[in-house]
């Protein structure tokens, strides 16, 4: 008998005539539905080992898309120049930068969920922190691809890094792009380390129950972790430092991305609110993406219905609603102040956003980023339904992509020299963008079968901490702080 | 000199494990001769064990200082080594220096925190180690170093206190 | 490592109200829009020809362009005077600080904006940040004769004083810095100062209407200073504080 069972025995006395039975709580909450650790381990291991033929078909199709969309197209563009993309004067930045901002936005969800929710001890985070952190790392990889694609001479991109070189030249730290490079590098490294630290005990678990090449794989990655007192203390101290320190890093990353635009001398870009507006926008698309990933993981992976439940969609749905409201607030703030300023170029730009040839994007953005989340997510039943939150998340991601499209190529079409105004039409950006999306999904699919997607030890810790308590006639959930 | 022997006692529950640790102390096993191996973080206080020492926060601070110094170099020194005037701004970028300092401080701190776990835990280590795989099933193992002569006495006592199994621990490849 | 003597004074860049070194005056009343300056500039500076399709898509690489505007609604339209636009050689240039590898830099000696082709990695931030939209990008290898056999003969007219740029690099008007250097070298070898009107830029040289004048703006006696001093002069987007070095004369 494990201590979980022992704990649940304490509360398993029948409570006749109460509103909520223990059965009800078990069904609703993962944390109140404890299972022996060995069984949970087996479920997670099983989910990694199970691949249907559909998995391999999708895997093969995505590999083909990556080969065509990412590697062939990029190679072609490197050889022929950016002329085969749609960038021109005045839209010097196009979908490459849209995708960079988009993927960095996606990457914010992982940190938000695993760091902010960890710091505030939001218990619902436990089963899916790793699923979200994986998005951070894989999203940043796509952002890196997108930004390197964008460069005219990508083979010289190492010149942007600060290192002693034969030219005697260091990077220009006046440039927001140099800040970007430092911030994204810091974020990529620290989010990968933050993904890895809580993974070590689960890798050790997988090592203990694997054979063959997987045994070697997990053995190497688990670094010889046994779970001694010292190892846990070092690990938890480090995770604690990471959880606090990575939050400002996360905020700095998207703020600096926004400064690429806000620091420029351009109508519509030169906005002091861009920092927080972009951070909230990143969280908006990131949360939408997390909910999509969770719905897919729950729907397609074995045993995941136990770990990821409607309560989790409900909780993330609430966050999505709040973030949607925050995004609307920042959007309107930015819009109102720009409009009130009355600068003739800014006015021209705002008019172009709404009534230009791509005005439908502006309206669609407002509908899917604000109207639909507000109309749907207020309802607890709806937001608890995975396919509904999935759809809302998908629409939010479309909307946030459009927002970046409006901010970058559409806004670049209008400048202070009307003679140069011109529309932007994407070229090879489209296969390249599809390639990054396919690569993201491909990496995620591979990771879902290689590393335990559920942090089992964290789930068990949470289940230990939860119990039921009676207040008068009512049974309520209580959580003890074990940490 | 007596030969040293290691025992591994596996417990399923927290309370018997804590009781066993207390009893072992009365049997003359010093806290330094015991180690706990567990599949979830069990705090020292739960088992009545002395606090563990960790260098991770100190290393993090050291890394932050190193990162800050690297940031100072990039922000204030590197622009003067090959001075180039841009946009009517000073050679040292001014406010953007704060960005450079912040990012490098954080990078230094987080890298050294990560490395701190490796240093403090002697990771990676692929040598044979004393371990039972039941630990990752959520069980608690007490690893005891004792003189050869005490082995029988301790084994019996631990069994009596509710240990699921007590076995001589042998280092094995994990 | 540190060599103090390398470091010019921070205040070397001129402040608002002060003059730079080289400047230009363009008289819009005289400009006929004949495009001779565009052709001359392309010849002098080895500016690539991008072809019909790319040119129609906003990728022409001319360092100077003639902007045409009209007033009124069709069919009652009235042409206004032409506006040739080239790099304004700003004293506080927005393109410079945003370049991460220091490819867009300010010349301390000549008070010009330089583009160092070899350092450029093609982030195109400078072009976005240029309020005058005068920076042009090599979207393809427009100068590679393996891709276009017609270029084989065209190569014979390259100006040997100017680099030929490859794909992925930003470029822009240099105020014909190769001519500036040539004139300075000649004057130095003869032990004198460069005289006003001794040389001029390709666009000014080619202008049949003499609408473009180039020279030292820090010398009040020079023709360019005297023209700029007339009260019909204005600068493009002066309100941005970029301290442009090109004065436009209008409404004379």
Inset, instruction - Return only the number of the condition from (1) at the interface with chain A (Cβ under 9 Å from one of its Cβ atoms); (2) surrounded by 15 or more Cβ atoms within 10 Å (Cβ to Cβ) that residue C:87 does not satisfy. - result: (1)
Inset, instruction - With the checklist (1) assigned to a loop (DSSP other than H, G, I, E, B); (2) in contact with a helix residue (DSSP H, G or I) (Cβ under 7 Å, 6 or more places away or on another chain) in hand, flag the one item residue A:425 doesn't pass. - result: (2)
Inset, instruction - Say whether the condition of being in contact with a helix residue (DSSP H, G or I) (Cβ under 6 Å, 6 or more places away or on another chain), within 12 Å of another protein chain (Cβ to nearest Cβ), crowded, with 24+ Cβ neighbours inside 10 Å and closer than 16 Å to residue A:437 by Cα is met by at least one residue in segment A:111-123. - result: no
Inset, instruction - Considering only segment A:169-188, state which residues are out of contact with any helix residue (DSSP H, G or I) (no Cβ under 6 Å at 6 or more places or on another chain), at the interface with chain B (Cβ under 9 Å from one of its Cβ atoms) and farther than 21 Å from residue B:89 by Cα. - result: A:185
Inset, instruction - Filter segment A:207-223 down to residues that are under 30 Å from the mean Cα position of the chain (by Cα) and within 7 Å of another protein chain (Cβ to nearest Cβ) and give me whichever is nearest to residue A:194 (Cα to Cα). - result: A:223
Inset, instruction - Report yes if some residue within segment B:82-101 is within 26 Å of residue A:193 (Cα to Cα) and more than 9 Å from every other protein chain (Cβ to nearest Cβ); otherwise report no. - result: yes
Legend entry - Residue that is nearest to the chain's Cα centre (by Cα), among those in segment C:137-152 that are surrounded by fewer than 24 Cβ atoms within 10 Å (Cβ to Cβ) and not in a loop (DSSP other than H, G, I, E, B): C:151
Inset, instruction - Considering each of C:75, C:97 in turn, give the residue that is crowded, with 20+ Cβ neighbours inside 10 Å and not in a helix (DSSP H, G or I). - result: C:97
Inset, instruction - Please verify whether segment A:135-152 includes one or more residues that are over 20 Å from residue A:103 (Cβ atoms), surrounded by 21 or more Cβ atoms within 10 Å (Cβ to Cβ) and within 14 Å of chain C (Cβ to nearest Cβ). - result: yes
Inset, instruction - Take residue A:414 and decide whether it is in contact (Cβ under 8 Å) with a residue 40 or more places away in the chain, over 17 Å from residue A:300 (Cα atoms) and within 14 Å of chain C (Cβ to nearest Cβ). - result: yes
Inset, instruction - Output the number of the condition that residue C:125 fails; it satisfies all remaining conditions of (1) under 21 Å from residue C:239 (Cβ atoms); (2) modelled with pLDDT of 95 or more. - result: (1)
Inset, instruction - With respect to residue C:72, determine if the residue is more than 8 Å from chain A (Cβ to nearest Cβ), on the phi > 0 side of the Ramachandran plot and modelled with pLDDT under 95. - result: yes
Legend entry - Test for residue A:454: is it surrounded by 18 or more Cβ atoms within 10 Å (Cβ to Cβ), in a loop (DSSP other than H, G, I, E, B) and at pLDDT 90 or above: yes
Inset, instruction - Please enumerate the residues belonging to segment A:227-263 that are in contact (Cβ under 8 Å) with a residue 60 or more places away in the chain and not in a helix (DSSP H, G or I). - result: A:263
Inset, instruction - Among the numbered conditions (1) within 27 Å of residue A:94 (Cβ to Cβ); (2) at pLDDT below 95; (3) within 19 Å of the chain's Cα centre (by Cα), tell me where residue C:112 comes up short. - result: (1)
Legend entry - Odd one out for residue B:106, checked against (1) more than 22 Å from residue A:209 (Cα to Cα); (2) within 27 Å of the chain's Cα centre (by Cα); (3) in contact (Cβ under 8 Å) with a residue 12 or more places away in the chain; (4) more than 7 Å from chain A (Cβ to nearest Cβ): (4)
Inset, instruction - Report yes if some residue within segment C:55-72 is free of Cβ contacts under 8 Å to residues at least 12 places away in the same chain and assigned to a helix (DSSP H, G or I); otherwise report no. - result: yes
Inset, instruction - Scan the helices (runs of 4 or more DSSP H) fully inside segment C:153-248 and keep the ones with 1 or more residues being free of Cβ contacts under 8 Å to residues at least 40 places away in the same chain. - result: C:177-189, C:223-228
Inset, instruction - Evaluate segment A:429-447: report whether one residue or more is within 14 Å of chain C (Cβ to nearest Cβ) and in contact (Cβ under 8 Å) with a residue 40 or more places away in the chain. - result: yes
Inset, instruction - Taking residue A:275 as the residue in question, decide whether it is closer than 30 Å to residue C:240 by Cβ, free of Cβ contacts under 8 Å to residues at least 40 places away in the same chain, touching a helix residue (DSSP H, G or I) at 6+ places or on another chain (Cβ under 9 Å) and crowded, with 18+ Cβ neighbours inside 10 Å. - result: yes
Inset, instruction - Among the numbered conditions (1) surrounded by fewer than 15 Cβ atoms within 10 Å (Cβ to Cβ); (2) modelled with pLDDT under 90; (3) touching a helix residue (DSSP H, G or I) at 6+ places or on another chain (Cβ under 8 Å); (4) in a helix (DSSP H, G or I), tell me where residue B:51 comes up short. - result: (4)
Inset, instruction - Determine which single condition residue C:171 fails, assuming it passes every other condition in (1) at pLDDT 95 or above; (2) under 25 Å from residue B:82 (Cβ atoms); (3) facing another protein chain (nearest Cβ under 9 Å). - result: (3)
Inset, instruction - State which residue is farthest from residue A:126 (Cα to Cα) when the search covers only segment B:25-35 and only residues that are in contact with a strand residue (DSSP E or B) (Cβ under 6 Å, 6 or more places away or on another chain) and within 12 Å of chain A (Cβ to nearest Cβ). - result: B:34
Inset, instruction - Name, by its number, the condition in (1) part of a helix (DSSP H, G or I); (2) within 28 Å of residue A:242 (Cα to Cα) that does not hold for residue B:24. - result: (2)
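The values are calculated or read from the model by the stated rules, or taken from the named source; none is laboratory data. Because the structure is a prediction, the values reported are computed rather than measured. Neighbour counts run over all protein chains shown; Cβ positions are idealised from the backbone, glycine included.
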